[in-house]
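> Dumping the structure here so I can ask a few things about it.
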Amino acid sequence: MKIAIVGCGNMGMAFARSFVQYDLVKKEDLLLIEKSRERSEVLRSQKEGVVVDTIGEAVGGNDLVILSVKPQDFAAVAAELRSFLQPEQVVLSIMAGIPLAKIQAALNHSQVVRAMPNTPAMLGQGITGYCAAEGISFQKLQRIDNLINATGRSVYLENEELLDAVTALSGSGPAYFYYLVKHMVEAGTKMGFDEGLSRLLVKQTMLGSYHLINNAEQSLDELIAAVASKGGTTEAALKTFGERQLGDSLIEGILKAEARAKELSK
């Protein structure tokens, strides 16, 4: 399989490196298009693939073209790219906020898949929701699914509108997690730990708790109850969270993120 990636920032290269790592594409069959001369020189020196800094005829020789540019740069990229695309090529967009119909119209191309990954894809631990335009064969979609799964896990969505919810929940989700960790670490320092030890306690607690969620048969409420004994320390903390409506604020914030994603898609 031959793949071209337009835009080789963190997410584009997370996909590229995962494909190579799992032997889904060879480096000589990986065309990396990066307009930044400085960035493209770095990629050449690291021998990440075949690196060029302009969109040209070479794009047409690939099975898949991945768009990994900033949404605000898409119009300019589309103007260059559309003349080189071939009818049977699939375009996979991992740009935030630009719907299938707009991508199809800008590229004058029907075979488009739209995906929303998140930053843990850089470690092969991402989760990506994706949807596809009508008319793309099951075989092509299966190949796309295999490629995305190299970066973590994938979820296929029949309804494109749900990608706004994916953006708000898992796309932005790492920032919510970091926000919670940051404030737990700060609480630790206020109780007398130095920052390094506080970070260690919080990070390992988060890691261990994740594995319990992933392996335990109990519900989340049951897991909470198992820690929060009546009249104990955990209950005191949870009572304060409830009084300050921490849970409601978290849900409201995520719904606000979804609303903003919908605005950006228009």
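The values are calculated or read from the model by the stated rules, or taken from the named source; none is laboratory data. Given the structure is predicted, the values throughout are model-derived calculations rather than measurements. Note: ideal-geometry Cβ built from the backbone for every residue, glycine included; neighbour counts use all protein chains shown.
> Output the residues belonging to segment 105-140 that are surrounded by fewer than 19 Cβ atoms within 10 Å (Cβ to Cβ) and farther than 30 Å from ALA175 by Cβ.
Start the filter on segment 105-140 by keeping residues that are surrounded by fewer than 19 Cβ atoms within 10 Å (Cβ to Cβ), which leaves 105-106, 108, 110, 119-120, 122-125, 133-140.
Within segment 105-140, ALA105, ASN108, SER110, GLU134, GLY135, ILE136, SER137, PHE138, GLN139, LYS140 qualify.
> Condition test on LEU264, is it surrounded by fewer than 15 Cβ atoms within 10 Å (Cβ to Cβ) and in contact with a Gly (Cβ under 6 Å, 6 or more places away or on another chain)? Don't jump to the end; show me each part of the working.
Details: surrounded by fewer than 15 Cβ atoms within 10 Å (Cβ to Cβ): yes; in contact with a Gly (Cβ under 6 Å, 6 or more places away or on another chain): yes.
Yes, satisfied.
> List the number of the failed condition for ASN146; all other conditions in (1) in a strand (DSSP E or B); (2) touching a Leu at 6+ places or on another chain (Cβ under 8 Å) hold.
Here ASN146 clears every test but (1).
> For segment 97-116, give me each residue that is touching a helix residue (DSSP H, G or I) at 6+ places or on another chain (Cβ under 6 Å) and closer than 23 Å to PHE19 by Cα.
Matches in segment 97-116: VAL112, VAL113, ARG114, MET116.
> Right, another one. For GLY188, are the conditions met, namely being surrounded by 16 or more Cβ atoms within 10 Å (Cβ to Cβ), touching a Ser or Thr at 6+ places or on another chain (Cβ under 8 Å) and not β-branched (Val, Ile, Thr)? Quick ask: steps written out before the conclusion?
On the way: surrounded by 16 or more Cβ atoms within 10 Å (Cβ to Cβ): yes; touching a Ser or Thr at 6+ places or on another chain (Cβ under 8 Å): yes; not β-branched (Val, Ile, Thr): yes.
It is true that GLY188 is surrounded by 16 or more Cβ atoms within 10 Å (Cβ to Cβ), touching a Ser or Thr at 6+ places or on another chain (Cβ under 8 Å) and not β-branched (Val, Ile, Thr).
> Now for a separate question. Of all the residues that make up segment 190-204, how many are in contact with a helix residue (DSSP H, G or I) (Cβ under 8 Å, 6 or more places away or on another chain) and either under 22 Å from LEU223 (Cβ atoms) or assigned to a helix (DSSP H, G or I) (or both)?
7
> Now a separate question. Tell me, please, whether a residue that is in contact with a helix residue (DSSP H, G or I) (Cβ under 6 Å, 6 or more places away or on another chain), exposed (fewer than 14 other Cβ atoms within 10 Å of the Cβ) and without any contact (Cβ under 8 Å) to a residue 60 or more places away in the chain can be found in segment 168-182.
Yes, segment 168-182 has at least one match.
> So, one more: Criterion first (of a type in the set (Lys, Arg) and surrounded by 11 or more Cβ atoms within 10 Å (Cβ to Cβ)) does ARG244 satisfy it?
Details: of a type in the set (Lys, Arg): yes; surrounded by 11 or more Cβ atoms within 10 Å (Cβ to Cβ): no.
So ARG244 does not fit the description; no.
> I need the full set of residues from segment 99-130 which are in a loop (DSSP other than H, G, I, E, B) and under 17 Å from PRO71 (Cβ atoms), in order please. Explain how you work it out, then say what you get.
So the first thing to find is which residues in segment 99-130 are in a loop (DSSP other than H, G, I, E, B), and the list is 99, 108-111, 117-118, 124-125.
Scanning segment 99-130 gives PRO99, PRO117, ASN118.
> Which condition number in (1) under 23 Å from MET1 (Cβ atoms); (2) in contact (Cβ under 8 Å) with a residue 24 or more places away in the chain; (3) buried (at least 17 other Cβ atoms within 10 Å of the Cβ) is the one that VAL52 fails?
Unmet condition: (2).
> Among LEU31, LEU43, which is the only one that is modelled with pLDDT of 95 or more and among the hydrophobic types (A, V, I, L, M, F, W, C)? Spell out the reasoning first.
Values: LEU43 fails: modelled with pLDDT of 95 or more.
Exactly one of LEU31, LEU43 is modelled with pLDDT of 95 or more and among the hydrophobic types (A, V, I, L, M, F, W, C), namely LEU31.
> Being within 18 Å of the chain's Cα centre (by Cα) and assigned to a loop (DSSP other than H, G, I, E, B) is the filter; apply it to segment 84-98 and report the residue that is surrounded by the most Cβ atoms within 10 Å (Cβ to Cβ).
Kept after step one, since they are within 18 Å of the chain's Cα centre (by Cα), are these residues of segment 84-98: 91-98.
Applying the additional criterion that residues be assigned to a loop (DSSP other than H, G, I, E, B) yields 94-98.
Working: ILE94: 24, MET95: 21, ALA96: 19, GLY97: 19, ILE98: 18.
Among those that are within 18 Å of the chain's Cα centre (by Cα) and assigned to a loop (DSSP other than H, G, I, E, B), it is ILE94.
> To continue, here is another question. Listed residues ALA236, ALA228, ALA216; which is surrounded by 14 or more Cβ atoms within 10 Å (Cβ to Cβ) and without any contact (Cβ under 8 Å) to a residue 12 or more places away in the chain?
Values: ALA236 fails: surrounded by 14 or more Cβ atoms within 10 Å (Cβ to Cβ); ALA216 fails: surrounded by 14 or more Cβ atoms within 10 Å (Cβ to Cβ).
Residue meeting the stated conditions: ALA228.
> In addition: Under 9 Å between Cβ atoms, at least 6 apart or on separate chains: pull out the pairs that start in segment 116-137 with a residue that is in the same structural domain as ALA101 (by TED's automatic domain parsing) and at pLDDT 95 or above and end on any residue that is charged (D, E, K, R) and buried (at least 21 other Cβ atoms within 10 Å of the Cβ).
These pairs meet every condition: MET116/ASP164; TYR130/ARG114; CYS131/ARG114; ALA132/ARG114; ALA133/ARG114.
> Something else about it: Consider LEU157 against the criteria (1) surrounded by 17 or more Cβ atoms within 10 Å (Cβ to Cβ); (2) closer than 23 Å to LEU100 by Cβ; (3) in contact with a Ser or Thr (Cβ under 9 Å, 6 or more places away or on another chain): it satisfies all of them except one. Which criterion is unmet?
(3)
> Here's a follow-up. Would you mind telling me which numbered condition in (1) part of a helix (DSSP H, G or I); (2) within 29 Å of ARG17 (Cα to Cα) ALA187 fails?
The failed condition is (2).
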